[in-house]
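Report on the structure given below.
The values are calculated or read from the model by the stated rules, or taken from the named source; none is laboratory data. Everything quoted here is computed from the prediction, not taken from an experiment. Using ideal geometry, Cβ is built from the backbone for each residue, glycine included, and neighbour counts are taken over all protein chains shown.
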Amino acid sequence: MSLPPGFLDELRTRTSISQVVGRKVIWDMRKSNQGKGDMWAPCPFHHEKSASFHVDDKKGYYYCFGCHAKGDAIGFVRETENVDFMEAVEILAREAGMPMPARDPQAQQKADRNSQLVEVMEQAVQFYKLQLKTGAGAAARDYIAGRKLAPETVERFEIGFAPEGWQNLWDHLTGKNVAPELILEAGLAKASTKGGKPYDTFRNRIMFPIRDARGRAIAFGGRAMDPTDNAKYLNSPETPLFDKSRTLYNYAPAREAAGKGEPLIVAEGYMDVIALAEAGLEATVAPLGTAVTEHQVQLLWRVADEPVIALDGDTAGLRAAMRVIDIALPLLQAGKSLRFALMPEGKDPDDLVREQGAAAMRKRVEEAMPMVSLLWQRETEGHVYDSPERKAALDKTLREKIKLIQDPSIRSHYGEAIKELRYQLFRPVRQDRQAQGRRGSFAKGKWEPPLAMGMSETKNSLLAGATDQMQDSMRIGVILAVLLRHPQLCEEFEHALETLDCKNDDHIDLRNFLLRCRAKNREDAADDALNALGPYALESLASHPHLGIVPALQAGADEDIARMTLAEEFAKLEALRGWRSEIAEAEEDLAHVADEAMTWRLSQAAEARRRAAHGAQEDTTEYDTGKNGARISRSEREAFAKLMEQIGHSDSSE
């Protein structure tokens, strides 16, 4: 319907947005200035604790600095009441005392028709409730008692009974002068294909009224009392009032409970919702006989950022949960997702509550897994990845799933999470004890270094042929490993540790951890590192075989040995840095001129490198003495002479 010019402006003028919003929030009066119409409250859309939701009464707009929700009074009513634009206008106009303009005939006729259908549905609700209390409803009452539903719960959810017989409801409604076409259009009866009298849609079933977000009865769900019935549960057909793909059972009460801080739970059926609500988990809804749809996901996100899908612990329940993933992936937004609480095998939420109590269900909800974990479980469970082709097939499947995510930031984070899970699945694990000993281990919260290597391996130390970067990394690994074994020395070597030039991300994380470390023994340090960094940085460190020959890492090594090792390794790194700096300066000078002074500088740098690399070991290299008294090895002299010859100079000095 079209509204006359100026109608909305007048409505906004008459409407105080702070009054409209104030029905749904609690104002933070310390931050608000009521006289100026400047109001603040926790946001009703993302359930925060701080007051970042701002309402400007003079301008008539709201804005959340947390989730960026914004709009006017009409938009607020639409979002919080789950109504369309015209319905929101009608609500506000009624409150403001403004008569709605006349609708066009067709729209008015449709609205009137829907109002009539709602009235018919309400009469049916009352009829079914009365039938439950009659003799015909005795078996239904016994079933309800067997499910341990309190009378107050039965009344709250308006549970009723449709008796056996073909025209019980039909005769009741027509007897109250309800037009037959309204009964048929509301889905309460079906026309006979044999030309006879229309017959009731629901017969011999326990009845559950389905209400929309505004609390209007729009449909029914019925559970068969006859175990041989073809359909255990039967919903109303699609009608002008009812679209099951856009409706959730118990939505309005659940929305109110979620607004008070209850976790929003999605169960599978009516009885699950009722049992959880009775147990205190009142923010529970259920889809209506189908898998969760795109529209229902959007409805859930209007209430909570991370609804918990709590489906039955059987094959069908798991399949339903998996289907939800494919529906939700393209819809994901920053801060909007789903979590999954899988019930014990063969149990549904109702079973869990009755057998173990509400606390057990709450625990399942609190420990609900994120959607990426269930996606990974779905694609990997029951598969063996013992060939490159199978691994590649998994990669392809996961890439295709991640591509469904529209938000680039979320897509990137999913990729990182999958990469981490993939690493856990495929990371190489050595089986033989010797290799395991060389790698070291991190088990049960205690870091153990690699076993000492044999003499042949010691002679072929990785330092001998390593590049400069590899040498630095290996020495840094020794420092970090020794400090993990002797965390009490962290404070003593704090300055050297702060200036340690780590290039490896794992080394950086471990260095930063050790700078914060306050543990006094290695078990505490290892446990703290595990909690702070996870196992991978420690496992990466423990995998280096050269740690097996470090005396300070052997069993029984005391604090003095550890202190000497740390001092030596820090000194060697400092010496190597000095040597590299000398070489860099000499190479720069070499571009212009070469003389005896440069020869001396190169010899000093070479000597520094030799001492840094080999420590205080006895050196049998033959040396010459230059003009400045520097000791220069003959091999270095020969190498330098060749270098001079290549650039057109000759060296005639001694």
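Do we find that Ile274 is at pLDDT 90 or above and either in contact with an Asp or Glu (Cβ under 7 Å, 6 or more places away or on another chain) or part of a loop (DSSP other than H, G, I, E, B) (or both) in this structure? Steps first, answer last, please.
Working: at pLDDT 90 or above: yes; either in contact with an Asp or Glu (Cβ under 7 Å, 6 or more places away or on another chain) or part of a loop (DSSP other than H, G, I, E, B) (or both): no.
Spelling it out, it is not the case that Ile274 is at pLDDT 90 or above and either in contact with an Asp or Glu (Cβ under 7 Å, 6 or more places away or on another chain) or part of a loop (DSSP other than H, G, I, E, B) (or both).
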Could you look through the stretch 146-195, keep only residues that are in contact (Cβ under 8 Å) with a residue 40 or more places away in the chain and among the β-branched types (Val, Ile, Thr), and pick out the one that is nearest to Glu238 (Cα to Cα)? Ile183
Given (1) touching a Pro at 6+ places or on another chain (Cβ under 6 Å); (2) over 29 Å from Val21 (Cβ atoms), Asp171 misses just (1)
Considering every residue within the stretch 450-471, establish whether at least one is in contact with a Leu (Cβ under 6 Å, 6 or more places away or on another chain) and at pLDDT below 55. yes
Output the residues belonging to the stretch 86-141 that are of a type in the set (Asp, Glu), over 43 Å from the mean Cα position of the chain (by Cα) and at pLDDT 90 or above. Glu119
Of the numbered conditions (1) of a type in the set (Ser, Thr, Tyr); (2) in contact (Cβ under 8 Å) with a residue 60 or more places away in the chain; (3) part of a loop (DSSP other than H, G, I, E, B), Tyr143 satisfies every one except a single condition; which is it? (3)
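Inside the stretch 16-52, can you point out the residues that are over 37 Å from the mean Cα position of the chain (by Cα) and modelled with pLDDT under 85? Please lay out each step first, then the result.
Looking only at the stretch 16-52, we keep the residues that are over 37 Å from the mean Cα position of the chain (by Cα), and these are 16, 33-37.
The answer is Gln34, Gly35, Lys36, Gly37.
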If you go through the stretch 550-562, how many residues are surrounded by fewer than 17 Cβ atoms within 10 Å (Cβ to Cβ) and assigned to a helix (DSSP H, G or I)? 3
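In this structure, is Asp348 of a type outside the set (A, V, I, L, M) and crowded, with 21+ Cβ neighbours inside 10 Å? Even if it seems obvious, please write down each step before you answer.
On the way: of a type outside the set (A, V, I, L, M): yes; crowded, with 21+ Cβ neighbours inside 10 Å: yes.
For Asp348, the condition - of a type outside the set (A, V, I, L, M) and crowded, with 21+ Cβ neighbours inside 10 Å - is met.
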Hits in the stretch 14-30 (condition: surrounded by 11 or more Cβ atoms within 10 Å (Cβ to Cβ) and either without any contact (Cβ under 8 Å) to a residue 40 or more places away in the chain or assigned to a helix (DSSP H, G or I) (or both)): Arg14, Ile17, Ser18, Gln19, Val20, Val21, Gly22, Val25, Trp27, Asp28, Met29
Within the stretch 374-402, restricting attention to residues that are within 18 Å of Pro344 (Cα to Cα) and free of Cβ contacts under 8 Å to residues at least 24 places away in the same chain, which residue is farthest from the chain's Cα centre (by Cα)? Glu381
